[in-house]
Every structure is written in C-alpha cells, then in structure tokens.
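Notes follow once the structure below has been shown.
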Amino acid sequence: MLIKTEANEGTIGNVRYMEGVVALNRVKLNVYCYEVDGMLIDTGAPRLLSEFKSFFDKVRADKVVLTHSHEDHVGGVAYIKRKYNLPIYMDKIGIEDSMKKANYPFYRKVFWGKREPFQALPLEKTIESRNATWDVIQTPGHAPDHVSLLNRKTGQLFTGDLFVQPQTKIILKDESIPTIISSIRRVLGYDFGELYCCHAGHVKSGRSVLQSKLDYLLELQEKIRELSRKGYSEKEIQKQLFDGRYSISYISFGEWDSIHIIRSVLRETP
C-alpha cells in the first residue's frame, strides 16, 4: 500500500493558502488551510504535516482557528502549539474530545494520519484578527462542532466543510442532511461574497454556489421523503437516486456512503 502526498502553496488577494493532497490507489483527496490577517484557519492533516511546516513558518500567524475537529483539519495543531505556542480556538463542543487520544476509524488513521491530542480555547460569537472582527457562525451537520468564519467588511467567508461541492453524493455515517440544510440557510442570512472552502478552495461566487447546494439538497430531501411515503425501502431509494458506490465507500467500510444521506433525512423527517 503506497500513500502519496503533495502540496501546493499560493495567494489569493490577502489570503495565503496551502493545499495538501493525499492519494491511495484510486482515492485522491485534498485539504486546504488558510492564513488571513495573522489568523491561521485549519492546519491540514497529520499525514501532510511535513509539507505544511514550511507554510506555518512563513505565515507567522498570531492564532489558530479550527472550523471543526476532524483529523484532516487539525493535523498541525499539536506541532504549532509546541513550536510557536499560539492560542488555538475551536467550538467548545469539540474541545474535550480533542484533548484525548485520537478516536476515529483505522482507515482514516492510515489515510490522513493519526492526530495528536491538543488543548484549545472556546470560540465566542466573534474573534479578532490583527485588523478585523470575524463572526463565528454555527454550521453543524458535517460535524457537531463545525463553524464558519465571516468578515462582514470584506465579505470573505471561510466555510470549512460546509460547501465542498454543489451536489453531495455521499456523506459520513454521522452527518445530517437536514442539519446541513439549516446551516446553509443560516449562512445565507449573512451578506458575503467570496467563499474559501477547505476542499474546493477559493470560490469567487460564494453565495450562488451555496444557494445552488441548498436547492439541490432540498430537492433531494423531498425526493427521499416522497419515495419513502410510497413505500420504498432505503436500499430501493438509494438505487433510484444514486449511481452505485464510490471507491471511498469500499475503503471506509461504508462509513462514507450515499445510504447515510437517505437515513439522515428519514431519521429527521417529522
């Protein structure tokens, strides 16, 4: 089993970024971390730490803000804390678990690496960077502790894993489509322009792509509910709405799968 990694560094306006890529057989996934106004947003995966160290050195951030506690976003935190002693901020829901030994499936430890325990401070409703105030927007669904960050003056929105792609085909077992819908609606209540996603990268037309994703999820949710009302089983609905299984479904032993979209919708249907 050969895992390959690579990294690409760049700048978009006042935002610097590092994109890391991890490839295993046919599965190839990426993740971004960003620096803006002295604030580092997410830190990549443990597997990519050696590639990201030079980026951490260059940006000379004052603080780290985590969009959520998944391993591909917190992989550099323990290293940053040891070397630079920067304050780490995250939603309070994830703080206790992040202080413990990593507890996620073995395939993710092989793919993304094993994250070290770390200690973080709780995010409030806003957070200050060197020259700006950022709204901390609660956006759970992908993870309970997920947040997005908005600079109202510039219209810059950092969404973690809220967007990723316009049409969601698979999700983690613990994700919730109805909760993601609520989170997107909450974000769309703010005035913003460009969007910075931790997997899709920079999206100039941020509002329109998030609206497109919301429209897709609402339509998908209604299709699932309608088929269920007609008596179709979860597997039958899956066969009608999704094209087979993806490589990640096999590698993850089903932790990533389209069936979880259907189950989350039906589980939370009144």
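Of note:
- Tally of residues being without any contact (Cβ under 8 Å) to a residue 60 or more places away in the chain and surrounded by 15 or more Cβ atoms within 10 Å (Cβ to Cβ) across the stretch 251-270: 4
- All positions within the stretch 151-182 that are crowded, with 16+ Cβ neighbours inside 10 Å and either without any contact (Cβ under 8 Å) to a residue 24 or more places away in the chain or farther than 25 Å from Ile259 by Cβ (or both): Asn151, Thr154, Gln156, Leu157, Phe158, Thr159
- Restricting attention to the stretch 127-149, the residues being farther than 18 Å from Cys33 by Cβ, assigned to a strand (DSSP E or B) and either of a type in the set (Ser, Thr, Tyr) or touching a residue at least 12 places away in the same chain (Cβ under 8 Å) (or both) number 4.
- Of all residues in the stretch 200-223, those that are in contact (Cβ under 8 Å) with a residue 60 or more places away in the chain have Cβ atoms under 9 Å from Cβ atoms of residues that are of a type in the set (Asp, Glu), 6 or more apart or on another chain, in Gly201/Glu19; His202/Glu194.
- Every test in (1) farther than 20 Å from Leu195 by Cβ; (2) touching a strand residue (DSSP E or B) at 6+ places or on another chain (Cβ under 8 Å); (3) surrounded by 15 or more Cβ atoms within 10 Å (Cβ to Cβ) is passed by Ile41 save one, and that test is (1).
- Pick from the stretch 183-206, criterion assigned to a helix (DSSP H, G or I) and in contact with a Gly (Cβ under 7 Å, 6 or more places away or on another chain), ranking: surrounded by the most Cβ atoms within 10 Å (Cβ to Cβ): Ser183
- Here Ser228 does not fit the description of being part of a helix (DSSP H, G or I) and under 27 Å from Trp112 (Cβ atoms).
- His142 under 14 Å from the mean Cα position of the chain (by Cα) and either more than 27 Å from Arg26 (Cβ to Cβ) or buried (at least 21 other Cβ atoms within 10 Å of the Cβ) (or both): yes
Read-outs throughout are calculated quantities, based only on the coordinates presented, and are distinct from any laboratory measurement. Note that the structure is predicted; figures quoted are calculated from it, not measured. Methodologically, a virtual Cβ is constructed for each residue, glycine included, from the backbone with ideal geometry; neighbour enumeration extends over all protein chains shown.
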